[in-house]
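What follows is one structure encoded as structure tokens, with my remarks underneath.
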Amino acid sequence: KAYGIEKPDCTCTVGIEGTEQSFTTRTERGLDPQWEQTATFEVANPSKDRLWGKFFMNNNTLQIGDQQFFNLDKLVTGKPTFKGIIVPGGKVDLMVTAVDFGTEDKETTLDDMNFMNLSDGEEGGMMMSDSD
């Protein structure tokens with residue numbers, strides 16, 4: 001029984017650090033659980049508040065891996081972002097979306113990336129030289 005696991009009953013708990021807000025998933029049997037559940041939290045200060053997550057087995061009595069913390073200040077408003085709780089042998093994927101905070105999503109164009117812009121500002125294509 002690796003890591004003291006007696007029953008492969010898995011749960012995941014997430015919350016906002018420094019608050020009473022938390023959410024625990026339903027218990028899923030097996031070593032590769034899949035939850036399609038949603039939790040909503042009030043975020044008072046996105047630049048300081050952090051999301052935390054923990055993974056449990058043995059009917060929510062044995063924490064597997066460390067508690068993970070995630071900064072919220074880089075989330076883009078309305079854009080789902082993957083975060084992961086690292087556990088031995090894998091990770092628990094979370095989809096996190098800032099609803100009423102976060103940075104604005106800026107559409108990136110090819111001009112923003114300077115894609116294939118190798119001409120140093122001159123008109124035309126790209127220049128290559130073969131110097132010996």
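May I ask you to derive the relative contact order of the range 38-112, considering only C-alpha pairs under 8 Å and at least 6 residues apart, and to give it as an integer percent? Can you show the working numbers first?
Working: 116 pairs, mean separation 19.2, N = 75.
Normalised by residue count, the contact order of the range 38-112 is 26 percent.
Tell me the net charge near L51. Cut-off is 9 Å between Cβ atoms, L51 excluded, with +1 for each Lys or Arg and -1 for each Asp or Glu. Numbers along the way, then the final one.
Working: positive: R50, K83; negative: E17, D49.
With Lys, Arg at +1 and Asp, Glu at -1, the net is 0.
What ³J(HN,Hα) values, in whole Hz, does the Karplus curve 6.51 cos²θ - 1.76 cosθ + 1.60 give for the range 83-90 when θ = phi - 60°, with x put for Gly and Pro?
Calculated HN-Hα couplings, in order: 10, x, 8, 7, 10, x, x, x Hz.
Under 5 Å between amide hydrogens, which residues at least 5 positions from C10 or on another chain qualify, with H placed 1.01 Å from N in the peptide plane?
Those lying under 5 Å, H to H, from C10 are E28, R29, G30.
Every read-out reported here was derived from the displayed coordinates using simple, explicitly stated rules and does not represent laboratory data. Remember, predicted model here, so these are calculated numbers, not experimental data. Cβ sites come from the backbone with ideal geometry, for glycine too, and all protein chains shown count toward neighbours.
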